[in-house]
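See below for the structure under consideration.
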Amino acid sequence: MSDRPTLKKSFKPHWIWAIALGSSIGWGAFVQPSVWMSDAGPLGVMLGFVIGALLMMLIAVSYGVLIKSFPVSGGEFTYAFISLGKKHAFVCGWFLTLGYICIVALNASAFALMFKFVFPSLVENLQMYQIAGWDVYLFEIMAATLLLGIFTYFNIKGGVISGRMQFIFCSVMVLSIFTLLITVGFNPGSSVSHVEPYFPTDKTAFAAIISIVAIAPWAYVGFDNVPQAAEEFKFSSKKAFSLIIFALIAAAILYCAMVYTTALIMPWEELANQNVDWGTGAAVVDMLGAFGLTILVLALTMGIFTGLNGFIMSASRLLFAMSRAKFLPKGFSKLHPKYNTPHLGIIFTTMIAMLAPWFGREVLLWIVDMSAIGVSIAYFYTCYTAYSMFKWSNHDGSALQVETVSPRKKLISLIGMTASIIFMGLLLIPSSPAFLGMESRIALVVWVILGVVFYMKKRKELNNISDDELRYLILGEIPNRDEKVENIN
């Protein structure tokens, strides 16, 4: 058997909860409310997020089962291998890696965008060029690069530092959001009448809600960071499911709070027609001035920090697990000699993300929209694996030979599989209100082609690794040699 590096157990329960919640609530909750309302109306957005959270909870049941049974790094990559083998594990890991790195890049660019809004005269004096209609400024690139460098350093220093920071950032973010909601709600200029009409006049309520439900895999991506940290739990893996559920409930409440706060300030149709870069920021400044902007910027900053921290951690652990299984170059599974962290995976993730600001935000959004497909694929594999672990009754077989009869969990995992397919359909079916744009579809095809090329290069090496060795490298399972001899006899 090959050497199998392992990670140090350092994460506490409330840190994991903060990783799940903070990763789910990133820049979008603070930057996108006016955009979402223009597509779905205030009530459409809020109902869409609530329904999306409920669907994510159904999917989370499968995550809870698998984290408890297989508390190792790799998450969905590991689960796909367990149920369907190495090819599917590669497909799942390939798409998920892209999704994680894209979200790191998008959070870094959101930080730069915030600076552009707060200090426009400083940023806009250093314009470099324009891509897809988006002006690229030197200061934006510098701000995003510096921020990524700082989080690279802290993540390399270890799970204790990143875990503590995540909980502090998350707590400040939650407090800031509710401070903003209460301040706006008691302001004489706010009005519940501004929330009307509840849905856009040019589409049905159903179409409006569905357009938001379709982005639920992207909006709530982050709760699935929990299995990536499973190998580092300093507590029983049985607690993971409840931590995920509490994080999803909190995330839905926070999304709705930001949408409702934005809608209270002024008629949402008027705000949408202003066509400003940051609708929520403009509305808050208009009503509350510098004080409101300070609270909003603090909440946004914490949301960006929690997203960066959570997804850098997850991306590096996924790269670590795939490298440990020999799906990726060996360097990604090397641990720092002092801090015992997968430092090369952390550095790789942030270096790739540092390229994003140079291409402009519109180009990055195309890729991120496409990456929602990858997240949905990961959800499907997780639910399928959980489905395979359970039996409807004692008379049914189990694909994974796990003697567990649980029709309820099997049904929930089946619903999770169905939801994952629906998410993919909403993004890929041309008649869907959430159909991907042409640029995103092109990016998806390019990523698939790159994946095929990479796998073909690694195929011979992977085929030479025995199933027993792969299970050892991925799951830490040492084959029972006595049992093998007995089976042969």
Protection proxy ranking of 17-27, 143-153 - average other beta-carbon atoms within 10 Å, highest first: 17-27, 143-153
Principal axes of the chain: Cα extent on each, largest first, Å: 83, 49, 41
Count of lysine pairs in the stretch 1-154 with Cα separation under 22 Å (8 or more residues apart, or interchain): 4
Label-point gap, in nm, between TRP358 and LEU450 - each point 7 angstrom along Cα→Cβ: 1.4
Cα-based helix-to-principal-axis angle, 13-24 vs the chain, degrees rounded to 10: 60
Sparse-neighbour loop sites [trypsin sites (Lys or Arg not before Pro); the stretch 312-402; at most 13 other C-beta within 10 Å; DSSP]: LYS338
Average accessible area per residue (Å²) across the stretch 2-98 - probe 1.4 Å, nucleic acids and ligands excluded: 27
Solution diffusion estimate, µm²/s, Stokes-Einstein, the stretch 212-306, Kirkwood Rh from C-alpha pairs, 4 °C, viscosity 1.567 mPa s: 82
Between the stretch 174-229 and the stretch 1-64, the Cα center-to-center distance that results, in Å: 14
Estimated distance in nm for a label pair at LYS457 and GLU270, the labels positioned 7 Å out from Cα along Cα-to-Cβ: 5.7
q = 0.14, 0.23, 0.30 Å⁻¹: log10 I(q)/I(0) that the Debye formula gives for the stretch 136-175, counting C-alpha atoms only: -0.43, -0.78, -0.89
Full-stretch length increase - THR294, SER193 - with 0.36 nm per residue and alpha-carbon distance subtracted: 33.8 nm
With every protein chain in place, the chain: carbon and sulfur % of accessible area (1.4 Å): 65
Given the chain, longest segment not containing exposed loop GluC sites (Glu not before Pro) (DSSP; at most 15 other Cβ within 10 Å): 125-402
Calculated [θ] (222 nm, deg cm²/dmol) that DSSP helices of n ≥ 4 give over the chain, each run adding -39,500 (n - 2.57): -24000 deg cm²/dmol
With Cα atoms, 0 to 90° folded angle of helix 33-69 axis to the chain main axis: 20
The stretch 58-170: Rg to Rh, with Rh as the Kirkwood radius over Cα pairs: 1.11
Computed FRET value (nearest 0.05) for TYR153 with GLU469, which takes r as the C-beta separation and R₀ as 30 Å: 0.30
Gyration tensor verdict on the stretch 333-463 (Cα atoms; rounded if a/c is under 1.5, prolate if a/b is larger than b/c, oblate otherwise): oblate
Convex hull of the stretch 258-313 built on C-alpha atoms - directionally averaged projected area, nm²: 4.2
The stretch 167-272, relative contact order in percent, only Cα pairs under 8 angstrom and at least six apart counted: 55
Angle in degrees between helix 240-265 and the longest Cα principal axis of the chain, rounded to the nearest 10: 10
Where chymotrypsin sites (Phe, Trp or Tyr not before Pro) fall in DSSP loop in the stretch 287-393, at most 16 other Cβ within 10 Å: TYR339, TRP392
Stretch gain in nm, segment PHE435-THR6, where the contour uses 0.36 nm per residue and the Cα spacing is subtracted: 150.3 nm
Solvent-free Debye scattering, log10 I(q)/I(0), computed from the Cα coordinates of the stretch 86-234 at q = 0.17, 0.19, 0.21 Å⁻¹: -1.35, -1.34, -1.32
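The values are calculated or read from the model by the stated rules, or taken from the named source; none is laboratory data. Quick caveat, the model's predicted, so the values are computed rather than measured. Using ideal geometry, Cβ is built from the backbone for each residue, glycine included, and neighbour counts are taken over all protein chains shown. For accessibility, only protein heavy atoms count, side chains too; no ligands or nucleic acids. Shrake-Rupley method; radii C 1.70, N 1.55, O 1.52, S 1.80 Å.
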